[in-house]
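Okay, structure first, notes after.
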Amino acid sequence: MSWIAANIGLINLGMILALFWFAWERERHIRRLQDRLAEANTIMADQHLALCLANGDDPDEVAAEWVAKHKSERGIEQ
């Protein structure tokens, strides 16, 4: 009996554990990217608001326009 045939259970277990580890790493990477995107969007919104305020625009109007613009870009019904 060959070594592979004798240890097929351990080999299968190792492959299953490797798949779980890859899935966990993928999810962790996706969460990290989502956090970076949320941070970038917050910074971009703050910069946009600062520019509009520097121009003397109304902050509530600027915020409402910003939300409406991004909802329409994403296809979210208002």
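Charge tally around H29: other residues with Cβ under 15 Å, Lys/Arg +1 each, Asp/Glu -1 each, net +2.
Averaging the Cα positions of each part gives two centres, and for region 1-37 and region 55-76 these lie 44 Å apart.
Largest mean-square fluctuation among L17, L33, L49, in a Gaussian network model of the chain whose springs join Cα atoms under 10 Å apart, belongs to L17. Could you tell me which residue out of L51, I16, Q34 lies farthest along the dipole of the chain toward its positive end? Charges go on the beta carbon: Lys and Arg +1, Asp and Glu -1, centred on the Cα centre. The Cα lying farthest towards the positive end belongs to I16. Shape summary: the chain maps onto an equivalent ellipsoid whose semi-axes, from the alpha-carbon gyration tensor, are 54, 13, 6 Å in decreasing order. Note on region 3-74: with charges restricted to the Cβ of Lys and Arg (+1) and Asp and Glu (-1), its dipole about the Cα centre is near 680 debye.
Where a number appears in this text, it was derived from the coordinates with a stated rule and is not lab data. Remember, predicted model here, so these are calculated numbers, not experimental data. Every residue, glycine among them, receives a Cβ derived from its backbone with ideal geometry; neighbour counts consider all protein chains shown.
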